Amino acid sequence: MESLHLVSREHQPQDTVVEVGNVQIGGGSPVFIAGPCSVEDREQIMKIAQAVKGSAQILRGGAYKPRTSPYSFQGLGEEGLRYLQEAGRAAGMPVVTEVMSEAEVELVAEYVDMLQIGARNMQNYALLRKVGAQRKPVLLKRGVAATIEELLLAAEYILAAGNSQVVLCERGIRTFSHTYARNTLDISAVPILKHLTHLPVVVDPSHGSGDWNLIEPLSMAALAAGAHGLMIEVHSDPELALSDGPQSLKPEKYRALVRKLDRLATFMEEELK
Ligand code: PEP
Ligand code: MN
């Protein structure tokens, strides 16, 4: 595609490595991002951070939540940012959270190590320019009905505004077949994106499926397809979660999954190279 310039492999043949705090995405081994959908209170995020440290390298948690219904829990806002930052520091992990509007970019960037642009905002060009004009790395999620070209052009906005630290995230696309899964996780996007761009590609099987039972097989598939990392929702008490409980793994399950994924990554590196 002609209008793909800065993000393209032609422009930069070697892989970009994105630095999030002391963690590198796109370098060697896959990076695991974990945490609750929403930061609900201080104790909740502190507890989950302690439970995933050692398995995950980056802690996630939403403070500003893009909920489909205006009556659903909307997140704790700045209070949530403070708890997330504190939990990340206590666990020794960098943190990522979503920023939903241009007006909040500076505030959110003060508290976190990486800014997430959610699926619903992938084509919010003013927001893309704004995160492109600041220095924190960006996790850019694919829109629910966005083509691969549209995702790459959204990333192009960020790079063109001056920020080359962008990680792309496949998180499932809108599907006609949502009886058993919330979205269709587009595994093929991983090798396609890796062919077209030098930017790292991670996969979010949680929003990609909507069902904790599907996280393990989809995570294995994503790594086998070449993903540089996985973002997975983890909650100590999914039944009581204020958002996305049905797709959240309990910490023990998450840790067991990462042990398997590490073995898969080692096998791929040592036996399949
Ligand atoms: C999230 O990761 O918290 C989220 C809301 O995801 P998405 O934008 O992919 O729906
Ligand atoms: Mn969620």
When only residues in the range 155-169 that are out of contact with any Gly (no Cβ under 7 Å at 6 or more places or on another chain) and of a type outside the set (A, V, I, L, M) count, which is least open to solvent (accessible area, probe 1.4 Å)?
C169
Restricting to the range 223-237, give me the number of residues that are over 20 Å from N183 (Cα atoms) and touching a Ser or Thr at 6+ places or on another chain (Cβ under 6 Å).
1
Selection from the range 5-34 of residues that are in contact with a strand residue (DSSP E or B) (Cβ under 8 Å, 6 or more places away or on another chain) and of a type in the set (A, V, I, L, M, F, W, C)
V7, V17, V18, V20, V23, I25, V31, F32, I33, A34
Of the residues that sit in the range 95-131 and are within 24 Å of D186 (Cα to Cα) and more than 13 Å from ligand 1 (Cβ to nearest atom), which one is nearest to the chain's Cα centre (by Cα)?
L128
Run down S206, S188 and say which single residue is closer than 23 Å to A224 by Cα, within 11 Å of ligand 1 (Cβ to nearest atom) and of a type in the set (S, T, N, Q).
S206
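Taking Q134, is it more than 16 Å from ligand 1 (Cβ to nearest atom) and more than 17 Å from T16 (Cα to Cα)?
Details: more than 16 Å from ligand 1 (Cβ to nearest atom): yes; more than 17 Å from T16 (Cα to Cα): yes.
Yes, satisfied.
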Mind checking whether some residue in the range 57-78 is more than 16 Å from ligand 2 (Cβ to nearest atom), farther than 19 Å from R142 by Cα and touching a residue at least 40 places away in the same chain (Cβ under 8 Å)?
no
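Per-residue answers, yes or no, for (1) out of contact with any Gly (no Cβ under 9 Å at 6 or more places or on another chain); (2) open to solvent by less than 20 Å² (accessible area, probe 1.4 Å):
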site: I58; (1), (2): no, yes
site: R82; (1), (2): yes, no
site: V96; (1), (2): no, yes
site: M100; (1), (2): no, no
site: V108; (1), (2): yes, yes
site: G118; (1), (2): no, yes
With G229, G208 as the choices, which residue is under 23 Å from L140 (Cα atoms) and free of Cβ contacts under 8 Å to residues at least 40 places away in the same chain?
G208
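The values are calculated or read from the model by the stated rules, or taken from the named source; none is laboratory data. Note that the coordinates shown come from a computational prediction; the quantities given were computed from them, not determined experimentally. Here Cβ is always computed from backbone atoms with ideal geometry, including for glycine, and neighbour counts include all displayed protein chains. Note: areas computed on protein heavy atoms with side chains; ligands, DNA, RNA excluded. Shrake-Rupley method; radii C 1.70, N 1.55, O 1.52, S 1.80 Å.
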